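The values are calculated or read from the model by the stated rules, or taken from the named source; none is laboratory data. Predicted model, so just to flag it, every value in this text is computed and none were measured. Every residue, glycine as well, gets a Cβ built from its backbone with ideal geometry; the counts of neighbours run over all protein chains shown. Protein only, heavy atoms only, side chains kept; ligands, DNA and RNA dropped before computing areas. Shrake-Rupley method; radii C 1.70, N 1.55, O 1.52, S 1.80 Å.
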Amino acid sequence: MFDTIIKNLVRIKQDFAKNYTGNAHIQEVIPTSTSNQFPIDELHLKLLHNFAQKNPIYFNSFEEEISGITCTVFEGDINQYWLNSIKHGSSCQPFYPTWIMSAYVMTSVASHLGYAELVDIGSGDGRIAFCGKILGLTVHSIEIDDVLVELQKTIIKNTNQNFNPHCVDALEFNYSELELTTPVFFIGGLPQMGGDILATSIIDKINFISNLRKNTGIVFAGTNSKKELSQNLTNGGWSSLIDKHNLSVIDTVFLPTVWTFDQTVETPYIYTKFN
Ligand SMILES: C[S@@+](CC[C@H](N)C(=O)[O-])C[C@H]1O[C@@H](n2cnc3c(N)ncnc32)[C@H](O)[C@@H]1O
């Protein structure tokens, strides 16, 4: 089921990006209704639309047929949020969102793998945590920037889905207070661009909480861009960290994000667990 959705999501993204003539700062697509190409729970799809409609970063939306599928295009602007997100001393990565549909797919994969809790590290506007919430996981949204956390609170109020924002520095936070049992951590940063600092800190903290390691998954957002990586492109640039911390890769999915909008290769999300 995920294979069908991923294949069709990448297909509509590529088609849309090739033909997009607008000039919005960011844009993304959500299929308007469920179909054979997008066999998604109807209520979930409605909630994904709701997240975009109630999110002030989007200022326009319209319907468009893309690759034979009726889709809703959302256009927005994150400039002000991006600028705010870099003002913190220990900011490891500025705000750039993944696509809402991608967030839904990647959290669905995590849920399918059996994780009960989702900790979204560097959560931006909270879309990954929002998707975890609608899938029934216990979620925690960890974000350093107060303006983004206020944005999350606005979305929570408008959508009536509380995805549990914590306005904290992920490098300082005490994760034992969350009383996690089988969590998956999503790391909101690319390797060698600050994401590795976030990931190393989280892994050290997981190791420190007794018995947590064996039930924990970590999902990394990788890159295939040689420009961004000086060395190893394997596992989206995360190979050395994966080896160093004795993790094993259990799955990899390639999904659209705002930062790969003009690229032909999507962002790899690498699912790992501790050996
Ligand atoms: C690339 S964005 C990812 C946003 C979101 N996870 C998504 O995929 O749409 C990275 C986010 O991490 C946040 N961030 C950076 N350093 C952080 C830190 N030390 N603690 C908590 N959040 C941090 C930034 O403010 C930004 O919102």
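Of everything in the range 40-67, what is touching a residue at least 24 places away in the same chain (Cβ under 8 Å), open to solvent by 50 Å² or more (accessible area, probe 1.4 Å) and either small (Gly, Ala, Ser) or in contact with a helix residue (DSSP H, G or I) (Cβ under 7 Å, 6 or more places away or on another chain) (or both)? Give them in sequence order.
LYS54, PRO56 - these are the residues of the range 40-67 that are touching a residue at least 24 places away in the same chain (Cβ under 8 Å), open to solvent by 50 Å² or more (accessible area, probe 1.4 Å) and either small (Gly, Ala, Ser) or in contact with a helix residue (DSSP H, G or I) (Cβ under 7 Å, 6 or more places away or on another chain) (or both).
For the range 195-212, which residues satisfy the criterion of being in a loop (DSSP other than H, G, I, E, B) and open to solvent by 10 Å² or more (accessible area, probe 1.4 Å)?
Those that are in a loop (DSSP other than H, G, I, E, B) and open to solvent by 10 Å² or more (accessible area, probe 1.4 Å): ILE209, SER210, ASN211.
How about the range 137-191: which of its residues are within 11 Å of the ligand (Cβ to nearest atom), in a loop (DSSP other than H, G, I, E, B) and either at pLDDT 95 or above or of a type in the set (Asp, Glu) (or both)?
ILE144, ASP145, VAL168, ASP169, ALA170, LEU171, GLU172, PHE173
For the range 1-26: of the residues being assigned to a helix (DSSP H, G or I) and polar (S, T, N, Q), which is least open to solvent (accessible area, probe 1.4 Å)?
Residue satisfying both the conditions and the ranking: ASN8.
Taking only the range 73-99 into account, find how many residues are within 16 Å of VAL29 (Cβ to Cβ), within 12 Å of the ligand (Cβ to nearest atom) and of a type in the set (D, E, K, R).
Summing the residues that are within 16 Å of VAL29 (Cβ to Cβ), within 12 Å of the ligand (Cβ to nearest atom) and of a type in the set (D, E, K, R) in the range 73-99 gives 0.
Let me confirm something: among VAL168, VAL249, VAL265, which residue is without any contact (Cβ under 8 Å) to a residue 24 or more places away in the chain and open to solvent by 30 Å² or more (accessible area, probe 1.4 Å)?
After ruling out the rest, the residue left standing is VAL249.
Mind listing just one residue for me: the one in the range 100-128 that is hydroxyl-bearing (Ser, Thr, Tyr) and part of a helix (DSSP H, G or I) and, of those, farthest from the ligand (Cβ to nearest atom)?
For the range 100-128, the residue satisfying everything is SER111.
Name the residue that is farthest from CYS131 (Cα to Cα), counting only residues in the range 192-206 that are at pLDDT below 95 and away from the ligand (no atom under 11 Å from the Cβ).
So, considering only residues that are at pLDDT below 95 and away from the ligand (no atom under 11 Å from the Cβ), the one farthest from CYS131 (Cα to Cα) is GLN192.
Could you give me the residue pairs with C-beta distances under 7 Å whose first residue belongs to the range 136-153 and is under 16 Å from ASP169 (Cβ atoms), whose second residue is hydrophobic (A, V, I, L, M, F, W, C) and part of a strand (DSSP E or B) wherever it lies, and which are 6+ apart or on separate chains?
HIS140/VAL119; ILE142/VAL119; ILE142/ILE121; GLU143/CYS167; ASP146/CYS167; VAL149/CYS167
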